[in-house]
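J.: Questions regarding the structure given below will be posed in turn.
The values are calculated or read from the model by the stated rules, or taken from the named source; none is laboratory data. Just so it is clear, the model here is predicted, and its values are computed rather than measured. FYI the Cβ positions are ideal-geometry reconstructions off the backbone, even for glycines, and counts take in every protein chain you see. We work out accessible area using only protein heavy atoms, side chains counted, and drop any ligands, DNA or RNA first. Shrake-Rupley method; radii C 1.70, N 1.55, O 1.52, S 1.80 Å.
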Amino acid sequence: MPLLPRRFERLKAVLDRRMGDLTVLLEHVDKPHNLSAILRSCDAVGVMEAHVVSLAGRPRTLNDTAKGSQKWVDLRPHADGATALAHLKERGFRIFGTHLGVTARDYRDCDFTGATAFVLGAEKWGLSEATTALVDQPIFIPMQGMVQSLNVSVAAATLLFEALRQRQQAGVVPGGGEGIAAERYQRTLFEWAYPDVARWCRQQQRPYPQLDGEGTILEELPRTLKLRC
Ligand code: SAM
């Protein structure tokens, strides 16, 4: 089916609001429903990509809770917490590690308007000691009830929406694609609009074709591929 102009406009509108400087790192959050719910919240807030460290040998699986958000939010795997944090720090992220200990700060007293990465831990054990030692700022969400902690996906959504609220208040939420680099914007737009063609181009090791203003591919493609556009 051809890409409808309305669909192309919707893809652009979502990408226009994506933020490359807001992310989550999930350490051993391996339950499919939690991983899926977190990705869905990332999409809802406008997160461009999420980062994961999985338990050795365990594949990352998602379920229906994701509602397809895995198509719109990149999931980047890392070997371990230290490698992931080094990668994020090198890219200028301030690392906020969720921690239920006494040294942590109330998340409402923190500034999430700059490059922000929230680090969330395993359902059973929380963040590992090694990763906790590497974060810039431990934070917690105050609890009023009998149970000590939130479900990890609820904690992730609470923090992400607080970051969005702060950014909206500060007037720094992108609205015209400025939240990500221009090259990445164009690449992602093509991948969202034409996933099959994008896959074929990668296999062929050739650049993605140009699109016109309405999202039409400005190049002759093999007939079999055209039928899938
Ligand atoms: N017993 C674990 C602990 O002490 O950390 C509980 C883990 S909790 C169910 C799983 C993850 O959810 C935590 O690692 C953290 O990322 C997040 N989380 C849960 N409640 C939180 C809260 N009140 N504040 C901040 N993060 C929280």
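J.: Where a ≥ b ≥ c are the square roots of the eigenvalues of the C-alpha gyration tensor, would you call the range 20-170 rounded, which needs a/c under 1.5, or, failing that, prolate if a/b is larger than b/c, or oblate?
T.: rounded
J.: Are there trypsin sites (Lys or Arg not before Pro) in the range 73-146 that DSSP puts in a loop and that have at most 15 other Cβ atoms within 10 Å, and which ones?
T.: Here the trypsin sites (Lys or Arg not before Pro) that fit, given the DSSP loop and packing criteria, are R91, K124.
J.: Then there's this: Per residue of the chain, what 222 nm ellipticity follows from adding -39500 (n - 2.57) for every DSSP H run with n ≥ 4, rounded to the nearest 500?
T.: Only helices count here, giving -11000 deg cm²/dmol.
J.: Setting aside same-chain residues fewer than 8 positions from K31, which lysines have a Cα under 26 Å from its Cα?
T.: Within reach: K67, K71, K124.
J.: Going toward the positive end of the dipole of the range 20-170, with +1 on Lys and Arg Cβ and -1 on Asp and Glu Cβ, which of Q148, F93, A50 do you reach last?
T.: So the residue furthest toward the plus end is A50.
J.: Looking only at P32, P209, P138, which one moves most when the chain is put into a Gaussian network model with springs between Cα atoms under 10 Å?
T.: Looking only at P32, P209, P138, the largest GNM fluctuation is found for P209.
J.: Hey, can you grab everything whose amide H is under 5 Å from the amide H of L75? Only 5+ residues off in sequence or another chain; H modelled, so Pro and N-termini drop out.
T.: Amide H neighbours of L75, under 5 Å, 5+ apart: A50.
J.: When the accessible area of the chain is computed with all protein chains present and a 1.4 Å probe, what percentage of it is carbon and sulfur?
T.: Carbon-and-sulfur percentage of accessible area, whole number: 51.
J.: Let me ask you something else. Mind pulling the angle between the C-alpha long axis of helix 32-45 and the longest principal axis of the chain? Nearest 10 degrees, somewhere in 0 to 90.
T.: 70 degrees
J.: Moving on to the next point. Output wanted: per-residue J couplings in Hz (rounded whole) for the range 214-222, from phi through Karplus 6.51 cos²θ - 1.76 cosθ + 1.60, θ = phi - 60°, x for Gly and Pro.
T.: 9, x, 7, 6, 9, 8, 6, 10, x
J.: What whole-number value in Å² describes the accessible area per residue of the range 1-102 for a 1.4 Å probe?
T.: Heavy-atom SASA per residue in the range 1-102 reads 50 Å².
J.: Please list the non-local residues whose amide H lies under 5 Å from the amide H of A104, H modeled 1.01 Å from N, same-chain partners needing a gap of 5 or more.
T.: none
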